[in-house]
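Scroll down for the structure; my scribbles are underneath it.
Just so it is clear, none of the values below were taken in a lab; they were calculated from the coordinates. None of the values given here were measured: they were computed from a predicted structure. Heads up, the Cβs are rebuilt from the backbone with ideal geometry, glycines too, and the neighbour counts pull from every protein chain shown.
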């Protein structure tokens, strides 16, 4: 797996306490993703897909194993990778501060991680990102609750793309969306990938994954295998 942009080696995760109550979710699961790849990760509900996605970006620590970004270990809770590696949650509402206007949410991370600092620059960036993900301009000054589910998902994607990351990890980004909104989000992901961005797309929908991804992996019996 040498030379990989993002790699996880022998990841093990178990839920519960005590040897008799512990439920193994992942066991010796390994994944290697190279720069510019679009990799899909599929599996049935409860197979550990979302758990692995959180581990890949350092939001959760594995019981055993190691995750590396460009050859260096990712330490759980380390926020320094935000400029290069972004995560889009399955439930965007949980990741969006309801007290912040939509334009502030989109430009918040960019203000922290890039040279976009002043209000005028942040608004300019937010407008550009809204156009990129096909969100209406009149939603800039609204709040997340005023958007539809599909619009909130596109808002979360715009927020992740605003920092111009090298890679995106997406957990079920098209779940519960109608086909037209799914197509819009997949088009944006394809554009990101064609521009050189790296993607790991986690989904239960194998048709969506195969439409976008050049390589598909499957979580089966707590391990990862080629699909």
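Here the residues 11, 31, 185, ranked from fewest to most Cβ neighbours within 10 Å of their Cβ, fall in the order 31, 185, 11. For the chain, what does the relative contact order come out to in percent, with C-alpha contacts under 8 Å and a separation of six or more? This gives 29 percent for the chain.
Taking the number of Cβ atoms within 10 Å of each Cβ as an exposure proxy, the fewest-first ranking of 214, 93, 198 is 214, 93, 198.
The simple Förster model, with R0 at 30 Å and r as the Cβ-Cβ distance, assigns residue 118 and residue 75 a FRET efficiency of 0.40. The convex hull built on the alpha-carbon positions of the chain has an orientation-averaged projected area of 12.6 nm². A straight chain from residue 176 to residue 63 at 0.36 nm per residue would run longer than the Cα-Cα distance by 37.6 nm. Bridges between two residues of the range 6-226, per DSSP, are antiparallel at a rate of about 50%. Between residue 44 and residue 141, the FRET efficiency from the beta-carbon distance, with R0 = 41 Å, is close to 0.50.
Round to the nearest 10 and give me the degree value, 0 to 90, for the angle of helix 179-194's Cα axis relative to the longest principal axis of the chain. For helix 179-194, the angle is close to 80 degrees. Going from the residue with the fewest nearby Cβ atoms within 10 Å to the one with the most, 226, 7 rank 226, 7. Note on the chain: helix-only mean residue ellipticity at 222 nm, from DSSP H runs of 4+ residues weighted -39500 (n - 2.57) and normalised by residue number, equals -9500 deg cm²/dmol.
With q set to 0.21 Å⁻¹, the log10 of I(q)/I(0) for the range 98-227, from the Debye formula over equal scatterers at the Cα positions, is -1.24. The angle separating the long axis of helix 102-113 from the principal Cα axis of greatest extent in the chain is about 60 degrees.
Compute the acute angle (0 to 90°) between the alpha-carbon long axis of helix 119-132 and the principal axis of greatest extent of the alpha-carbon atoms of the chain; round to the nearest 10°. That works out to roughly 70 degrees. The shape of the range 20-74 can be summarised by an equivalent ellipsoid whose semi-axes, obtained from the alpha carbon gyration tensor, come to 21, 15, 9 Å from longest to shortest.
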